[in-house]
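Visitor: Before we start, here is the structure in question, set down as structure tokens.
The values are calculated or read from the model by the stated rules, or taken from the named source; none is laboratory data. Remember, predicted model here, so these are calculated numbers, not experimental data. Positions of Cβ are generated from backbone atoms using ideal geometry, with glycine treated the same way; all protein chains shown enter the neighbour counts.
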Amino acid sequence: MSDKLRGSNEKILYLLILLGIGTLFFIFNLSNISAIEPTFCAERTISGAWCQNVPENQIDTHFQQAATYCENTLFCKLGTCIDGNQGLCRPNVPQRVCEESEGTWREGNPQDFRECQLGCCFMGSSASFVTQTRCTSLASEYGINSSFRGDIRDQTICLASANPEERGACVLDDGFTKKCRMETRAGCQQVEKTNSELNITFYKGLLCSAGDLGTICGRSKETTCVEDRDEVYFLDTCGNLANIYDASKIEDSEYWGIIKNNSESCNPESNNAGSATCGNCNYISGSTCKAYDRSDSRTPNNPTYGDFVCADLSCKYKGQTYKHGEEWCGTSPGINNSLPGSEYYKLQCYYGEVTSVQCDSFRQTFCVEGEIGGYSTAFCSANLWQSCVYQTNKEDCEDIQERDCKWVEGLGLTLSTIHRDEEGRPYSLSSNGTLASGNGQGAACIPKYAPGFEFWDPESLTGEEGTIGTQLCLIANENCIVKFEKDVGDLITGGSWDCKENCHCAGLRYGQSIDDAKLNSLWANQRNNMCISLGDCGNKKNWYGIQGYNTSGVTVTTRVG
């Protein structure tokens, strides 16, 4: 061997060729390679990792360690870590690692534990192969409803079952004939379970009458109504639902092959009430599927095919048209004058018929109209009349949050009030708008909607808690004494009596003769109107137009003294 070769690095590779044996030997000079460093199982490393096989200088000495591999130790034994909140099960996790993540550790594999059993979770139009707890957690996270099928134990079958409510043609093939049902995907899977001898296939979005399917079901001219749906539908020859009735599509292959929604059907912007050719009804817009009625003037046209049409749900009332669901107020005769027997009620239009709902008897509630989104609404509101007569100023009287009252004012002394001072004199309206003692214009706070009561029963006039507390009709009762005088000379000659006090109660001016007295004076009418406004009081007719009895108007008593 040459000196150059001999003087080279000792770590070179020597090749020895033994020609006689024909074998190659590789000989390494290992004189400068150090020994392999020993490995330990560290429960925790100085870098924060759990249960790792590392050199001794990487062990966190505050935790357990062993001079062996971790899989051979008890403190790093592997098992299943169960997250009870998320429904996740992780295999081959050390116990300490599981506990640090707030999981539950169990010795064994996930398939050994009930809470780790996988099934099919349906959420909306998707499916996931997860545990039941995980299914509930995901549904809560995304804010959607879910259902869990524990009997589906195969991921492929689960994913193929996504959107179980999706509709389509469920074809049953026995090798000779293809029958068909319109089903949901889940419904078709159920059919498959009970008919294992048949080849069953679900075709989403297709009708049983689709030509490509080759089923025994074809087109027909029959139609029907469906429970919980508004529209008129075609039927195929097998009795399955097809698309919405459209007379123009009777021979259309695509229309009889692919499921169409409302927006893809005839006249989607109309309610199609009374149409002979289109069954795209809309309950919100005022129509729904009904059997054709020749006597109904709202559906004058016989349907081109089938026996069902979109019936008009609107109503005609006193020359006005109301939409289905609208409500409005109605009143009995005499309600404006609060005549005895008159009442409030509301009317409503449902399925083309007008019906009435009476408010409480004796006008204890009254009808209020409103409007929401272009629709008329009405409701019976409590009549808060009880505290009206106690109010002595307009602001309190007309506080609609507290009571249903109105403030009325008279001219001069022609309208007295129902309030009196300590001497029994009626209050008058003062300059600041309140009632006080003194002469002047009268005023009163009276019910806006005069209540009724069983006026024929004396006990019904007796107030209870929250009412007036005395006989209601007597509150407005008032005597007005008119004084007339005659001169001494007139007593001999027979001259006239002249009015000297409260002349207005007799419809006279001061000094006017009694011969000119007007018994139906303005004062008398105003007092009677005040009685009427308090309820079923005063001199009036009932709602039917019959004059009441036991009433009295103005009486005149002559007394000379």
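Visitor: Take the conditions over 17 Å from residue 306 (Cα atoms) and without any contact (Cβ under 8 Å) to a residue 40 or more places away in the chain and apply them to residue 248. Does it pass?
Guide: no
Visitor: Oh, and also: Being surrounded by fewer than 20 Cβ atoms within 10 Å (Cβ to Cβ) and within 18 Å of residue 287 (Cα to Cα) is the filter here; which residues of region 226-238 pass it?
Guide: Hits for region 226-238 are 226, 227, 228, 229.
Visitor: If the Cβ limit is 8 Å and pairs must be 6+ apart or interchain, which residue in region 473-490 that is on the phi < 0 side of the Ramachandran plot pairs with which residue that is among the aromatic types (Phe, Trp, Tyr) and modelled with pLDDT under 70?
Guide: Matching pairs, first to second residue: 473/455.
Visitor: Have a look at 153, 114, 167 and point out the one that is charged (D, E, K, R) and surrounded by 14 or more Cβ atoms within 10 Å (Cβ to Cβ).
Guide: Every option except 167 fails the conditions.
Visitor: While we're on this one: For residues in region 193-212 being among the charged types (D, E, K, R) and outside any loop (DSSP other than H, G, I, E, B), which is nearest to residue 149 (Cα to Cα)?
Guide: 193
Visitor: (1) closer than 30 Å to residue 145 by Cβ; (2) at pLDDT 95 or above: which one isn't true of residue 238, the others all being true?
Guide: (1)
Visitor: Right, another one. Would you check which residues across region 394-417 are modelled with pLDDT of 85 or more and of a type in the set (S, T, N, Q) and list them?
Guide: 401
Visitor: Quick check on my filter: what residues within region 70-94 are within 51 Å of the chain's Cα centre (by Cα), surrounded by 18 or more Cβ atoms within 10 Å (Cβ to Cβ) and closer than 27 Å to residue 39 by Cα?
Guide: If the condition is that a residue be within 51 Å of the chain's Cα centre (by Cα), surrounded by 18 or more Cβ atoms within 10 Å (Cβ to Cβ) and closer than 27 Å to residue 39 by Cα, then 79, 80, 81, 93 are the ones that fit.
Visitor: Restricting to region 333-350, name every residue that is assigned to a loop (DSSP other than H, G, I, E, B) and farther than 21 Å from residue 370 by Cα.
Guide: Of everything in region 333-350, those that are assigned to a loop (DSSP other than H, G, I, E, B) and farther than 21 Å from residue 370 by Cα turn out to be 333, 334, 338, 339, 340, 341, 342.
Visitor: Is there any pair linking a residue in region 63-91 that is without any contact (Cβ under 8 Å) to a residue 40 or more places away in the chain and of a type in the set (Phe, Trp, Tyr) to one that is surrounded by fewer than 17 Cβ atoms within 10 Å (Cβ to Cβ) and in a strand (DSSP E or B), with Cβ under 8 Å and at least six apart or on different chains, and which?
Guide: 69/53; 75/66
Visitor: Now for a different question. Going by the structure shown, is residue 81 modelled with pLDDT of 90 or more and either part of a strand (DSSP E or B) or of a type in the set (Val, Ile, Thr) (or both)?
Guide: Considered against the rule, which asks whether it is modelled with pLDDT of 90 or more and either part of a strand (DSSP E or B) or of a type in the set (Val, Ile, Thr) (or both), residue 81 comes out as yes.
Visitor: Tell me, please, whether a residue that is among the aliphatic types (A, V, I, L, M) and in contact with a Gly (Cβ under 6 Å, 6 or more places away or on another chain) can be found in region 269-290.
Guide: Checked against the condition, which is being among the aliphatic types (A, V, I, L, M) and in contact with a Gly (Cβ under 6 Å, 6 or more places away or on another chain), region 269-290 yields no hits at all.
Visitor: Oh, and also: So, in region 330-374, exactly how many residues are surrounded by fewer than 20 Cβ atoms within 10 Å (Cβ to Cβ) and aromatic (Phe, Trp, Tyr)?
Guide: Qualifying residue count for the region: 4.
Visitor: Filter region 92-101 down to the residues that are assigned to a helix (DSSP H, G or I) and in contact (Cβ under 8 Å) with a residue 40 or more places away in the chain and list them by number.
Guide: 96, 97, 100
Visitor: For residue 136, only one of the following conditions fails: (1) outside the structural domain of residue 236 (by TED's automatic domain parsing); (2) assigned to a loop (DSSP other than H, G, I, E, B); (3) touching a Ser or Thr at 6+ places or on another chain (Cβ under 8 Å). What is its number?
Guide: Unmet for residue 136, out of (1) outside the structural domain of residue 236 (by TED's automatic domain parsing); (2) assigned to a loop (DSSP other than H, G, I, E, B); (3) touching a Ser or Thr at 6+ places or on another chain (Cβ under 8 Å): (2).
Visitor: Moving on to the next point. Show the residue pairs meeting these rules: Cβ distance below 6 Å; 6+ apart or different chains; first residue within region 316-329 and without any contact (Cβ under 8 Å) to a residue 60 or more places away in the chain and surrounded by 15 or more Cβ atoms within 10 Å (Cβ to Cβ); second residue part of a strand (DSSP E or B) and aliphatic (A, V, I, L, M).
Guide: 327/378; 328/347; 328/378; 329/378
Visitor: Kindly indicate whether any position in region 206-221 is under 30 Å from residue 118 (Cα atoms), of a type outside the set (Ser, Thr, Tyr) and either in contact (Cβ under 8 Å) with a residue 12 or more places away in the chain or not assigned by TED's automatic domain parsing to the domain that holds residue 131 (or both).
Guide: no
Visitor: Suppose we keep only residues that are out of contact with any strand residue (DSSP E or B) (no Cβ under 7 Å at 6 or more places or on another chain) and of a type in the set (S, T, N, Q) within region 113-130. Which one would you say is farthest from residue 205 (Cα to Cα)?
Guide: Checking each candidate, the answer is 117.
Visitor: Take residue 390 and tell me if it is surrounded by 13 or more Cβ atoms within 10 Å (Cβ to Cβ), under 29 Å from residue 317 (Cβ atoms) and at pLDDT below 90.
Guide: No, not satisfied.
Visitor: Given (1) without any contact (Cβ under 8 Å) to a residue 24 or more places away in the chain; (2) in contact with a strand residue (DSSP E or B) (Cβ under 7 Å, 6 or more places away or on another chain); (3) under 30 Å from residue 381 (Cα atoms), identify the lone condition not met by residue 285.
Guide: Only one criterion in (1) without any contact (Cβ under 8 Å) to a residue 24 or more places away in the chain; (2) in contact with a strand residue (DSSP E or B) (Cβ under 7 Å, 6 or more places away or on another chain); (3) under 30 Å from residue 381 (Cα atoms) is unmet by residue 285, namely (2).
Visitor: In addition: Anything in region 164-192 that is in a strand (DSSP E or B), among the charged types (D, E, K, R) and without any contact (Cβ under 8 Å) to a residue 60 or more places away in the chain? List them, or say none.
Guide: 173, 178, 179, 181, 183 - these are the residues of region 164-192 that are in a strand (DSSP E or B), among the charged types (D, E, K, R) and without any contact (Cβ under 8 Å) to a residue 60 or more places away in the chain.
Visitor: May I pose another question? So, in region 239-265, of the ones that are touching a Ser or Thr at 6+ places or on another chain (Cβ under 8 Å) and not in a strand (DSSP E or B), which residue ends up surrounded by the most Cβ atoms within 10 Å (Cβ to Cβ)?
Guide: 245
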